[in-house]
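Taking it in order: structure first as C-alpha cells, then the write-up.
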Amino acid sequence: MTDTEFTTHADLFDLSGKYALVTGGTRGIGLMIARGLLRAGARVVISSRKADTCAEAQHLLSGFGDVQAIPADLSRHDECRRLADLVTSGSERLDILVNNAGVMWREPLETFPDEAWDTVIDLNLKSPFWLVQALLPALRSAGTADDPARIINIGSIAAIHVAQSPNYSYASSKAALHQLTRVLARELGPQHVTVNAVAPGPFPSQMMASTLDAIGDTIAAKAPLRRLGRDDDMAGIAVFLASRAASYLTGTVIPVDGGIATTASGT
C-alpha cells in the first residue's frame, strides 16, 4: 500500500479482512480489545481458560462481528501449541496477535510463595513467548513490508513505576514482557512483523476490582486526567497498533494510564 491508496482517515484504522487472536479476551481489557477489533472490521478469536466463560463472551461479542471462542490454559506450553493449531487450522495467516492473558498475585514479602512466581511467570511471560513461537509462520504469511503483521503485548504501568501493592512477581513479569517486546521487535521487523506493548493503568476489570473498590476514587483523583480508563481508551490503542496507522511503529511500550506512571512525582 502506498500513501495514495487510501482516501480517507478512516482507511487508516480499517481492519476489514484482518484475522486476530486475543488471549484473555473474555473479560476486562481483553474483552475491550476484542470488541474494538471487531468493530473495526477484524475477524477475532478469543481465548480463556474456562469453556463457559468463553461461551458467554462469544455470545456477548457476536453482535459486533465474526468472533470465535476457544478455551485453553495458556500457562501450559502444550495448550499454547494446541490453541495455535486451532487458530490456524482454517487459515495459514494471522494478522494480529494480542497477548493479553495474565494473572496477578498480591501477598506480603514475608509470606510470598514460590507458587506465586511460577503461576505468574508462566502465564504473563512464558505464554506470550510460546504463542509467538507457535504462530510465527502464520504471522510471517500475513505480513508485508507495507502492512506488517502485528504482535501486541499487554504489559502494565506496574513495570514502569513502583506500585504500592505487593505484586512482586506481577511487576517483574510485566517488566520482562516489555523487554521481550523490544527484543522480538528487533528480530521480527525484517520479517514484516511489528511488536509493540501497551502498559495499561487502572481499568475496570476482575483483576483490578478489589483495588478499585477500595481506592478507585483516590486513584482517579491523583491521575493527571482525573479519571480511570474506559473501554474505548483500550480499544482505541489496540485498533491503532493493529492498523495501517501504526505500520511504521515497532519496539514501543505505550502507557495508557491517564498519565499516572509517566508523571509520577513520588510513591
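Projected label points at Val183 and Glu110, each 7 Å from Cα along the beta carbon direction, are separated by 3.6 nanometres.
Of all lysines in the structure, the ones whose alpha carbon falls short of 16 Å from that of Lys126, not counting any fewer than 8 places away in one chain, are Lys174. Once both labels are positioned 7 Å from their Cα atoms along Cα-to-Cβ, the gap between Arg39 and Thr218 label points is 3.3 nm.
Add -39500 (n - 2.57) for each DSSP H run of 4 or more in the chain, then divide by its residues: what number comes out at 222 nm, to the nearest 500 deg cm²/dmol?
Helix-only estimate at 222 nm: -12500 deg cm²/dmol.
Counting Cα-Cα pairs of the chain in 5 Å increments starting at 0 gives whole-percent bin shares of 1, 6, 13, 18, 20, 18, 12, 7, 3, 1, 0, 0, 0.
Rounded to the nearest 0.05, what FRET efficiency is calculated for Arg227 and Thr53 with R0 set to 41 Å and r the Cβ-Cβ distance? Could you put the intermediate results ahead of the total?
On the way: r = 28 Å, r/R0 = 0.68.
Step by step, r from the Cβ atoms, then E = 0.90.
In percent, rounded to a whole number, the relative contact order of the chain is 20, using alpha-carbon pairs under 8 Å and six or more apart. Fully extending the segment from Gln133 to Thr119, taken as 0.36 nm per residue of separation minus the present Cα-Cα distance, adds 3.0 nm. Starting from the Cα gyration tensor of region 98-187, take the square roots of the eigenvalues, sort them a ≥ b ≥ c, and report rounded, prolate or oblate (rounded when a/c is under 1.5, otherwise prolate if a/b is larger than b/c, else oblate). Prolate, because a/c is 1.5 or more and a/b exceeds b/c.
Quick note: the coordinates plus some simple rules give every number you see, no bench work behind them. These numbers come from a predicted model, not from an experiment. Don't worry about glycine lacking a Cβ; one is built from the backbone with ideal geometry, like all the others, and counts go over all protein chains shown.
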